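Scroll down for the structure; my scribbles are underneath it.
Bear in mind that the values in this text are calculations on the coordinates, not laboratory data. Since the model is a prediction, treat every value here as computed from it, not as a measurement. When we count neighbours, we look across all protein chains shown, and the Cβ atoms used for this are built from the backbone with ideal geometry, even at glycine.
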Amino acid sequence: MNEVTLAQTIARFAAQTRYEDLPPEVVASVRQRVLDTLGICIAAQSLDSSRAVIDYVAEQGGAPQARAIGVPHRVPAALAAFGNGVLAHSLDYDDTHLPSVLHPSASIVPSVLAAAERAGADGRTAVTAIAVGLEVCVRIGMAGYDREAGNSVFFEHGQHATSICGALGGAVAVGVILGQNEEQLTSSLGVAASMAAGIIEANRTGGNVKRLHCGWAAHSAVTAADLVSRGITGPPTVLEGRFGFFQAFLRGEFDAAAIVEGLGTEWEVPRIFFKPYPANHFTHAAIDAATGLRRRGVDHREVRRLTLGAPAPVIRTIGEPIEGKRRPTTGYQAQFSGPYAVAVGLLGGGGGLGVALDDYTDALAVDPTRREIMDKVSVVADDECTKIFPSQFPAVLTAELVDGSEVTERVLVNRGGPENPLSDDEVALKFRDNAGRHLPETVVARIAAHSLALDELSDVGIVLSSLDDAADSANTSAAQEGQL
């Protein structure tokens with residue numbers, strides 16, 4: 001076999017990329033994604049599912065190698081990656097890449113931070129690994145996008161591209177941390193492909209298992225690269241081979257050019273969309289459209305009917321079954337509801353960047369006023385939106401008022417993407433709003449400073465070391481209260 005395979009091409013890119021090769025906008029983007037991801041992880045600790053995972057990680061034992069947020073002691077790197085990966089994706093607040101339609105940072109950042117802390121790696125190595133991992137993750141996802149169908153083939157098959165591609169990109173990223181050569185990096189991809197998984201039925205009918213997906217991807221990434229460093233090997237044709245990844249997951253339907261064209265020169269990393277709101281990204285334009293109606297003076301009490309137009313491929317996620325989307329019973333279900341997005345936009349959010357975590361609680365999901373609004377919402381396919389998707393997740397919202405008039409708001413470009421980016425201050429505000437829910441202001445500021453100067457650190461472990469100080473402070477306060 002003389003022809004260079006896709007896995008070998010990716011491995012060469014990863015092995016040859018140096019920090020000095022990264023464009024400034026890529027470095028800046030990586031810093032922001034570390035900050036954003038850590039803020040989400042910290043905020044997610046309060047979820048019941050997060051507590052279950054934190055307890056699970058804490059009980060497993062093993063070598064004290066890396067920090068898992070919420071766990072009072074260090075744990076093996078793969079377990080730290082698992083715990084932090086679960087937290088990073090649990091609030092549906094993590095970034096999104098288009099047109100791969102996946103959330104790359106929730107798998108890549110936790111896997112790299114865990115491996116880098118264990119290795120004592122410096123910040124430049126970590127930034128390089130994260131950049132490479134994100135790029136590999138989204139390009140494999142892009143290879144599974146069907147332009148004629150206008151949708152991800154992964155999604156059509158019921159597969160969660162986020163965790164599947166995250167395991168592969170994360171394994172390459174961890175391989176960079178470990179200093180693997182091209183042959184080893186090829187094997188890390190080859191091993192991780194047998195560990196990648198994720199089924200998205202929970203989006204339709206319930207269950208919180210999706211929150212685990214990025215954790216398992218990060219765990220698989222660290223485990224695969226570690227095993228390769230110990231001599232385990234994978235097939236060089238793992239991606240395009242007759243019994244390879246794309247055949248197994250996508251029945252052979254893939255675009256190889258999406259992986260190789262411009263690899264290392266045309267970076268996708270800065271084009272990953274930040275999420276301004278803690279909900280499924282398909283709902284964001286609906287929030288902005290409803291907010292636009294409210295700012296134009298539309299009062300929900302004067303509305304007879306609301307029609308939310310969205311891209312045809314997203315209807316099954318945010319509008320079906322419509323009875324369920326109009327009647328979410330938990331804050332988590334509300335995150336995937338088009339009607340709820342319209343309600344929260346019409347009523348106005350309570351913090352963050354306009355709509356924040358406090359707007360997605362179990363209590364608000366069953367709030368009578370919100371349900372009254374949701375009952376008026378129909379979710380339909382809109383031709384204009386379908387043509388734009390998946391370069392954006394647009395929405396067209398029309399309100400029919402009781403006086404017979406109609407008001408329409410079009411949001412065709414997502415806030416947080418490269419065409420309408422969040423400013424540095426907005427990303428920092430989102431982090432403070434998230435991290436400040438569990439940490440004192442001084443610790444929040446310290447983590448932010450370290451994240452935004454990641455490439456200047458001599459040891460990546462410094463980023464999360466502030467959590468130790470916060471835990472010590474909390475324990476001291478609890479002990480003092482017990483003495484009173």
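How much length would be gained if the chain were fully extended between Tyr56 and Arg301, taking 0.36 nm per residue of separation minus their Cα-Cα distance, in nm to one decimal?
Extra length from Tyr56 to Arg301 when fully extended: 83.5 nm.
So what is the calculated 222 nm ellipticity per residue for the chain, using -39500 (n - 2.57) for each DSSP H run with n of 4 or more, over all residues, to the nearest 500 deg cm²/dmol?
Only helices count here, giving -15500 deg cm²/dmol.
Using the C-alpha atoms of region 136-230, what convex hull volume per residue, in cubic angstrom, is computed?
Taking only Cα atoms, region 136-230 has a hull volume of 85 Å³ per residue.
Kindly provide log₁₀ I(q)/I(0) values, in the same order as q = 0.13, 0.18, 0.22 Å⁻¹, from the Debye equation applied to equal alpha-carbon scatterers of region 78-194.
Each listed q corresponds, in turn, to -0.47, -0.87, -1.21.
Report, ordered by chain and residue number, the lysines lying within cross-link reach of Lys430, taken as a straight Cα distance under 18 Å and ignoring same-chain residues fewer than 8 apart.
Leaving aside lysines fewer than 8 places away in the same chain, those within reach of Lys430 are Lys275.
With only alpha-carbon atoms in the gyration tensor, what are the semi-axes of the equivalent ellipsoid for region 360-410, in Å, largest first?
Each semi-axis is √(5λ); the values are 25, 19, 8 Å.
Per 0.36 nm of contour for each residue apart, how much would the distance between Glu426 and Leu401 grow if the chain were fully extended, relative to their Cα-Cα spacing?
Gain in length upon complete extension: 5.6 nm.
How many angstrom separate the Cα center of region 218-264 from the Cα center of region 275-342?
Each part reduced to its Cα centre gives a spacing of 37 Å.
Using only Cα atoms, tell me the angle between helix 284-295 and the longest principal axis of the chain; keep it within 0 to 90° and round to the nearest 10.
That helix lies at roughly 40 degrees to the long axis.
Could you go through region 305-314 in sequence order and give the Karplus-derived ³J(HN,Hα) for each residue, using 6.51 cos²θ - 1.76 cosθ + 1.60 with θ = phi - 60°, rounded to whole Hz, and x for Gly and Pro?
8, 10, 10, 9, x, 9, x, 3, x, 9
Would you kindly derive the ³J(HN,Hα) couplings of region 93-108 from the backbone phi angles with the Karplus curve 6.51 cos²θ - 1.76 cosθ + 1.60 (θ = phi - 60°), listing them in order in whole Hz, with x for Gly and Pro?
Calculated HN-Hα couplings, in order: 10, 8, 5, 9, 9, 10, x, 5, 6, 9, 10, x, 5, 5, 9, 6 Hz.
Let's test the formula: R0 of 30 Å, r as the Cβ-Cβ distance of Thr361 and Ile199. What FRET efficiency results, to the nearest 0.05?
0.65
Using the Cα centre as the reference, give the magnitude of the dipole from point charges on the C-beta atoms of region 87-201 (Lys, Arg: +1; Asp, Glu: -1; all else neutral), rounded to the nearest 20 debye.
Once rounded to the nearest 20, the dipole reads 220 debye.
Binning every alpha carbon pair distance of region 268-406 at 10 Å from zero, what are the percents per bin?
Computed distribution, short to long bins: 13, 46, 34, 6, 0.
Does the chain come out rounded, prolate or oblate by the C-alpha gyration tensor, with a ≥ b ≥ c the root eigenvalues, rounded set by a/c under 1.5 and, if not, prolate when a/b is larger than b/c and oblate if not?
Note, shape of the chain comes out oblate.
Using only the alpha-carbon atoms, how far is helix 441-451 inclined from the longest principal axis of the chain? Give it as 0 to 90 degrees, nearest 10.
For 441-451 against the chain, the angle is about 60 degrees.
Against the longest alpha carbon principal axis of the chain, how many degrees, from 0 to 90 and to the nearest 10, is the axis of helix 123-143 turned?
Helix 123-143 and the main axis of the chain meet at about 60 degrees.
Ranked from highest to lowest mean number of other Cβ atoms within 10 Å per residue, what is the order of the peptides 257-265, 8-16, 83-91?
Highest-to-lowest ranking by the protection proxy: 83-91, 8-16, 257-265.
Got the relative contact order for the chain handy, in percent, Cα pairs under 8 Å and 6 or more residues apart?
It comes to 19 percent, rounded to a whole number.
In debye, nearest 20, what is the charge dipole magnitude of region 1-152 about its Cα centre with +1 on Lys and Arg Cβ and -1 on Asp and Glu Cβ, if you could check?
With only Lys, Arg, Asp and Glu charged at Cβ, the dipole is about 380 debye.
Can you list residues whose amide H is under 5 Å from Asn151's amide H, if they're 5+ apart or on another chain and H is modeled 1.01 Å from N?
Asp146
Taking only Cα atoms of region 384-450, what ratio of Rg to Rh do you get with Rh as the Kirkwood inverse-distance radius?
1.23
Could you order the peptides 165-178, 333-346 from most to least packed, using the average number of other C-beta atoms within 10 Å per residue?
Going from most to least packed, we get 165-178, 333-346.
Tell me which GluC sites (Glu not before Pro) from region 106-203 have a DSSP coil assignment and no more than 15 other beta carbons within 10 Å of their own.
Glu148, Glu201
For region 40-142, what mean projected area does the convex hull of the alpha carbons give, in nm²?
One quarter of the hull surface, i.e. the mean projection, equals 6.4 nm².
Which order do peptides 431-441, 404-414 fall in by mean Cβ count within 10 Å, highest first?
Top to bottom by mean Cβ count within 10 Å: 431-441, 404-414.
May I ask for the Rg/Rh ratio of region 1-80, computed from Cα atoms with Rh as the Kirkwood radius, given to two decimals?
Reported Rg/Rh, Kirkwood definition of Rh: 1.15.
Apply the Karplus parameterisation 6.51 cos²θ - 1.76 cosθ + 1.60, with θ equal to phi minus 60°, to every residue of region 28-44 and state each ³J(HN,Hα) to the nearest whole Hz, in sequence, with x for glycine and proline.
4, 5, 4, 4, 4, 6, 5, 4, 4, 5, 5, x, 5, 4, 5, 5, 6
Go through Val136, Leu178, Ala218 and say which Cα lies farthest out towards the positive end of the charge dipole of the chain; charges sit on Cβ, +1 for Lys and Arg, -1 for Asp and Glu.
Of the options given, the answer is Ala218.
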